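Here's the structure we're looking at; comments come further down.
Quick note: the coordinates plus some simple rules give every number you see, no bench work behind them. Everything numeric here is computed off the predicted structure, so don't read it as measured data. Don't worry about glycine lacking a Cβ; one is built from the backbone with ideal geometry, like all the others, and counts go over all protein chains shown.
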Amino acid sequence: MAVEDIGSGCSSSGDQEFHVLAVDDSIIDRKVIERLLKISCCKVTAVDSGSRALQYLGIDGERSSLEFDELKVNLIITDYSMPGMTGYELLKKIKGSTKLRQIPVVIMSSENILARIDRCLEEGAEDFLMKPVQLSDVERLRDFMLRGGEEERELGRKRKTPDDSCDCRPLRKRPTPLATACSSTFRALEEPVIVHES
Amino acid sequence: MEIGGEYLEILGSSILMTDYLEYSNALFREGLLDGQFIQLQMLRDDSNPDFVVEVVTLFFEDSQRILNELSKTLDEQNVDFKKIDANVHQLKGSSSSIGAQRVRNACIAFRSFCDAQDVESYGFCFFVLFPDQMCLRCLQQVKQEYLLVKNKLEALLRLEQQIVAAGGVVPTLNDVS
């Protein structure tokens, strides 16, 4: 990390950096989310589609499991509306994979559609962020994830079994759709809320 | 004299900074830019001094591409309204991400007039008779707003360059809208 980076204090601990995989088809949004994450002291890999994300995660079998561990992804943050594979479809694929389902997934969307938010949270998304995503959203997310990560490591040490054979979810409180919507209410109120997606 | 030179320098960059603040305040008041632009400015620091310029440049390139696509699609014999909708959605997203509020609003209006599904199911009305006409008008509006904000942003960023060249510091913006 450059010395001139401004002080959210990217102090290097003994642990590895928090690695986020960002998925968005918009080049502008990728640049912004990458910057937001880097400022929040995360290592970032940004890809432009769900299929590229799955390739990176090694789900198409091209990577050996050894390589995957070295590239360990701590969080996936994905746009909802993307051509080809939507963020929702990507979420389902990740949660449907024994290798990957432990990785928390956050969905971003510019549209405040309650049915969409519910669907994503039900499918196992950790959080749902309204676009445009702001620094405060990312910092809150990172803090939340880091706390959860510590708990997970504690549990892992106590259990002494490999992570992916365990079906337990980390002991974190899942945000309710309302709580998540409220965290970016200010922006959500700018567009009408659509209850049912056509 | 040395002191005189430094004084003039400070004066010069102060004037530029005042100009900059007045110019940007006007943009917020007129709704051309919104708070998201300030969010972007917050992401700029010594290690990434050109962040805003880079994002805005990407926005210009991407928007031009989308506008060209839209013109091309509307020019075709059988207009693909789903493609139109997808492109406008993209432009709405990117303009929203940089804070180009009026472009974003023009895109929202565009989509509500030219919703792919609605076009097929409208009753007997102007939209059914001339849906591509409606879309052309909407496109015109989006183009107008885009060119306006492009113009203003280029001027704003030029002012920033001048301030830095004069040894000043670009002031932090406040949303006065």
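Ordering A:THR98, A:THR45, A:THR78 by the number of other Cβ atoms within 10 Å of each residue's own Cβ, fewest first, gives A:THR98, A:THR45, A:THR78. The GNM of chain B, with springs linking C-alpha atoms under 10 angstrom apart, assigns the highest mean-square fluctuation among B:ASP75, B:ASP115, B:ASP46 to B:ASP46.
For chain B, the longest principal axis of the C-alpha atoms and the axis of helix B:2-29 are separated by about 20°. With neighbour counts taken as other beta-carbon atoms within 10 Å, the residues A:ASP143, A:ASP137 rank, fewest first, as A:ASP143, A:ASP137.
With a 10 Å cut-off between alpha carbons and a GNM built on chain B, which of B:THR73, B:THR18, B:THR57 moves the most? Residue with maximal mean-square fluctuation among B:THR73, B:THR18, B:THR57: B:THR18. For chain B, the longest principal axis of the alpha carbon atoms and the long axis of helix B:101-113 meet at an angle near 0°. Between beta-carbons, use under 14 Å as the cut-off and find the net charge around B:ASP19, counting Lys and Arg +1, Asp and Glu -1. Within the 14 Å Cβ shell, the charges total 0. In this simple spin-label model, placing a label point 7 Å from the Cα along the Cα-to-Cβ direction at both B:ASP46 and B:GLN144 gives a separation of 4.7 nm. Give the shape of segment B:1-90 as rounded, prolate or oblate, defined through the alpha-carbon gyration tensor: a ≥ b ≥ c are the square roots of its eigenvalues, a/c under 1.5 means rounded, and otherwise the shape is prolate if a/b is larger than b/c and oblate if not. Judged from the Cα gyration tensor, segment B:1-90 comes out prolate (a/c at least 1.5, a/b above b/c). With both labels modelled 7 Å from their Cα along Cα-to-Cβ, the B:SER112 to A:LEU114 distance reads 2.0 nm.
Across chain B, Cα pairs under 8 Å and at least six residues apart give a relative contact order of 37 percent. For chain B, a Gaussian network of Cα nodes joined below 10 Å ranks B:VAL164, B:VAL103, B:VAL88 by mean-square fluctuation, and the top entry is B:VAL164.
By the count of neighbouring beta-carbon atoms within 10 Å, fewest first, A:LYS31, A:LYS92 end up ordered A:LYS92, A:LYS31.
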